[in-house]
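Participant: Could you have a look at this structure, given as structure tokens, before my questions?
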Amino acid sequence: MEALRGIGPRQAAVLRDYGIHCIRLLTGVSPATLQRLLGKNAGCLAADRAHGIDPCPVVPRALPASAAVRHRFPQHTLDDSVVRAALLDLVTQLALTLRRRGQAAQALTLTLRLAGGTTWQKTRRLTEASAHDEDLRTLAYQLMDAAGLQRARLTGIVPKGEDLIDAVQVAQQITLDQTRESRLVAEEAMDRIRAKFGPGSVGPAATAPFRRAS
């Protein structure tokens, strides 16, 4: 009985003493009887709740305005292939997180943590809000190129989706790009595999070392 909002342990105990131990039985008790058992206010409340009457407003769950994923290198690295593989893995994780939430990012922020404790950070907006691997990956690589770090030693990477919106607000554009359509179909298939076998079960080949470590 305590599962019914508004029915506490004391009221539930009283109802059980009268053989009312589930909501189904509670619905068969008149409001007047419940008021005698529980008191006027509590009895009215129990009768209403049992019949699905609840005047409390429904407040929609506020979705996060941003989402970030992080990777810290075990050692300072300046190997561009390692850095880009790590970034690809992070962007794949970020895109999957957004799709699971039913959100899309309107902008992407890339933060690079450098040896010595300094950071580099830049934000760019997407042409259209998206939660697709390809769109976030392309923008992430553009941001990495814009950093122009060359031989800088990195200690960590943080891509962050910004200005998130509900995915239903994203217009579905008709495209004649068969290559992109094929990638989106493959993305959906991989999402189904991840849902069944875990987020690290499938992904780009370059991210395999990071997926095994996750």
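Participant: According to the Kirkwood expression over distinct Cα-Cα pairs, how big is the hydrodynamic radius of the stretch 1-105, in Å? If you can, show how the numbers build up before the last one.
Facilitator: Numbers: mean 1/r = 0.0543 Å⁻¹.
Taking every pair of different Cα atoms in the stretch 1-105, averaging 1/r and inverting gives 18.4 Å.
Participant: Moving on to the next point. What's the FRET efficiency of ARG180 with CYS56 using the Cβ-Cβ distance as r and R₀ = 45 Å, to the nearest 0.05?
Facilitator: The computed FRET efficiency comes out at 0.50.
Participant: For LEU126, what residues show an amide H to amide H distance below 5 Å, using hydrogens built from the backbone and excluding near sequence neighbours?
Facilitator: Answer set, sorted by chain and number: ALA107, LEU108.
Participant: At 0.36 nm per residue, minus the direct Cα-Cα distance, what do GLN75 and ARG125 gain on full extension? Give it in nm, one decimal, please.
Facilitator: Gain on stretching GLN75 to ARG125: 14.9 nm.
Participant: Comparing LYS160, LYS122, LYS196, which has the greatest mean-square fluctuation in the GNM of the chain with Cα pairs linked when under 10 Å apart?
Facilitator: LYS196
Participant: How big is the convex hull of the Cα atoms of the chain, per residue, in Å³?
Facilitator: Taking the convex hull of the Cα positions in the chain, it is 209 Å³ per residue.
Participant: So which lysines pass the test for LYS122, namely a Cα distance under 29 Å, with those fewer than 8 places away in the same chain ruled out?
Facilitator: LYS160
Participant: Select from ARG194, ARG16, ARG100 the residue whose mean-square fluctuation is largest in a Gaussian network model of the chain (Cα-Cα springs shorter than 10 Å).
Facilitator: ARG16
Participant: For the chain, report the accessible area per residue in Å² (1.4 Å probe, heavy atoms, rounded to an integer). It would help to have the intermediate numbers written out before the result.
Facilitator: On the way: 12840 Å² over 214 residues.
Normalised by residue count, the accessible surface of the chain is 60 Å².
Participant: Still on this structure: Which of these, ASP89, ASP163, ASP145, has the largest mean-square fluctuation under a Gaussian network model of the chain (Cα springs below 10 Å)?
Facilitator: For the chain, modelled as a Gaussian network with Cα springs under 10 Å, the answer is ASP145.
Participant: Okay, moving on. Spin-label point model (7 Å from Cα, Cβ direction): what's the ASP163 to ARG101 distance in nm?
Facilitator: Using points 7 Å along Cα→Cβ, the separation is 1.6 nm.
The values are calculated or read from the model by the stated rules, or taken from the named source; none is laboratory data. Note that the structure is a prediction, hence the values are computed from the model and not measured. Quick reminder, even Gly has a Cβ in these numbers, built from the backbone with ideal geometry, and neighbours come from all protein chains shown. The protein model used for the area step is the full one, side chains on, heavy atoms only, and it has no ligands, DNA or RNA in it. Shrake-Rupley method; radii C 1.70, N 1.55, O 1.52, S 1.80 Å.
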